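Take a look at the structure below.
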Amino acid sequence: MSFDRTLRIAPSILAADFAAFGAECRAVEDAGADWIHVDVMDGHFVPNLTFGPQMVAALRPHVRGTMDVHLMIAPVDPYIDAFAKAGADIITAHLEAGPHIHRALQAIRATGKRSGLAINPGTPIDAVPELLDLTDLICVMTVNPGFGGQSFIASQLDKIARLRSMIGPRPIHLEVDGGVTPDTAPKVAAAGADVLVAGSAVFRGGPESYAGNIRAIRDAAARATAQMA
Ligand code: DX5
Ligand code: ZN
């Protein structure tokens, strides 16, 4: 069977109500979210602090589907086991997080979880071929990580397209994170992304808006890929 590249929408709970994460996760899943994207920030690798493995463990019973945990932390290795035990399904480390990303991806796979490789807007992708065999997901950052609600960096579209052809038929998701809206979703989908992280564009308007917000992103992306077919 070929790898399932059906478009997935992964709301980032960075834009959710921080006083109600459990209810927010249930609400976006009920509204059609495919994955829940959890942004872990350490105030060192990125200039913001969010939450750690205890939060992931607390959320786990409230998430039916895939928990996609994006680690914006350095070092990564000392925390991999804790996030795996907390119930993450995908653990993504940054290419820039240290000199031993190869080891970090190996360590993630060794926990039995899927491994992700995130790449900042200013980072070239020449190291990626060395890491493809250890990677289940590549996350292209289309903002500089640290905050939600930033503007999409269009120069990354070419990087997405180059990564899509580098991945070829391999079973690796191509995820885009940052500034995804109904306006930018068609561009990233056309460039080859199959997982769209979206924070502010999903959570704006509160729970009664989530289904419409997710549908707007999904439909916009689907129209772009339909035109290509
Ligand atoms: C940025 C995070 C993103 C962010 C996306 O550091 O990795 O997941 O929350 O938020 P929006 O969709 O608002 O750009
Ligand atoms: Zn993220």
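Mind telling me which of the residues Asp30, Asp34 ends up being surrounded by fewer than 23 Cβ atoms within 10 Å (Cβ to Cβ) and away from ligand 2 (no atom under 16 Å from the Cβ)? Full working, then the answer.
On the way: Asp34 fails: away from ligand 2 (no atom under 16 Å from the Cβ).
None of the other options fit; the residue is Asp30.
For Arg103, indicate whether it is open to solvent by 10 Å² or more (accessible area, probe 1.4 Å), under 29 Å from Arg218 (Cα atoms) and of a type in the set (D, E, K, R).
Numbers: open to solvent by 10 Å² or more (accessible area, probe 1.4 Å): yes; under 29 Å from Arg218 (Cα atoms): no; of a type in the set (D, E, K, R): yes.
So Arg103 does not fit the description; no.
I need a count of the residues in the range 187-226 that are open to solvent by 40 Å² or more (accessible area, probe 1.4 Å) and within 16 Å of ligand 2 (Cβ to nearest atom).
1
Would you be able to say whether some residue in the range 186-201 is of a type in the set (Val, Ile, Thr) and over 14 Å from the mean Cα position of the chain (by Cα)? Steps first, answer last, please.
Here is the first cut: in the range 186-201, the ones of a type in the set (Val, Ile, Thr) are 188, 195, 197.
So of that shortlist, the ones also over 14 Å from the mean Cα position of the chain (by Cα) come out as none.
Looking through the range 186-201, none of the residues is of a type in the set (Val, Ile, Thr) and over 14 Å from the mean Cα position of the chain (by Cα).
Scan the range 118-125 and tell me whether some residue there is surrounded by 18 or more Cβ atoms within 10 Å (Cβ to Cβ) and not polar (S, T, N, Q).
Looking through the range 118-125, at least one residue is surrounded by 18 or more Cβ atoms within 10 Å (Cβ to Cβ) and not polar (S, T, N, Q).
For the range 134-186, which residues satisfy the criterion of being open to solvent by less than 40 Å² (accessible area, probe 1.4 Å) and of a type in the set (D, E, K, R)?
Of everything in the range 134-186, those that are open to solvent by less than 40 Å² (accessible area, probe 1.4 Å) and of a type in the set (D, E, K, R) turn out to be Asp136, Lys159, Glu175, Asp177.
Can you tell me which residues in the range 1-13 are buried (at least 17 other Cβ atoms within 10 Å of the Cβ) and either among the acidic types (Asp, Glu) or farther than 22 Å from Ala189 by Cβ (or both)?
Ile13
For the range 208-218, what are the residues that are more than 19 Å from the chain's Cα centre (by Cα) and of a type in the set (D, E, K, R)? Talk me through it step by step, then tell me what you get.
In the first step, residues of the range 208-218 are kept if they are more than 19 Å from the chain's Cα centre (by Cα); the result is 208-209, 211-212.
Glu208 - this is the single residue of the range 208-218 that is more than 19 Å from the chain's Cα centre (by Cα) and of a type in the set (D, E, K, R).
Which numbered condition trips up Asn48, out of (1) within 12 Å of ligand 1 (Cβ to nearest atom); (2) open to solvent by 10 Å² or more (accessible area, probe 1.4 Å); (3) closer than 22 Å to Ile9 by Cβ?
Result: Asn48 fails condition (3) only.
If I filter the range 14-23 down to residues being within 16 Å of ligand 1 (Cβ to nearest atom) and open to solvent by less than 20 Å² (accessible area, probe 1.4 Å), which single residue comes out as nearest to Gly87 (Cα to Cα)?
Step one: of the range 14-23, the residues within 16 Å of ligand 1 (Cβ to nearest atom) are 14-18, 21.
Then keep just the ones that are open to solvent by less than 20 Å² (accessible area, probe 1.4 Å); that gives 16, 21.
Values: Ala16: 20, Phe21: 16 Å.
Here the residue is Phe21.
The values are calculated or read from the model by the stated rules, or taken from the named source; none is laboratory data. Because the structure is predicted, anything quoted here is derived from the model rather than measured. Ideal geometry is used to build each Cβ from the backbone, glycine not excepted, and the neighbour counts take in all protein chains shown. To get the accessible areas, we keep the full protein, side chains included, count just its heavy atoms, and leave off ligands, DNA and RNA. Shrake-Rupley method; radii C 1.70, N 1.55, O 1.52, S 1.80 Å.
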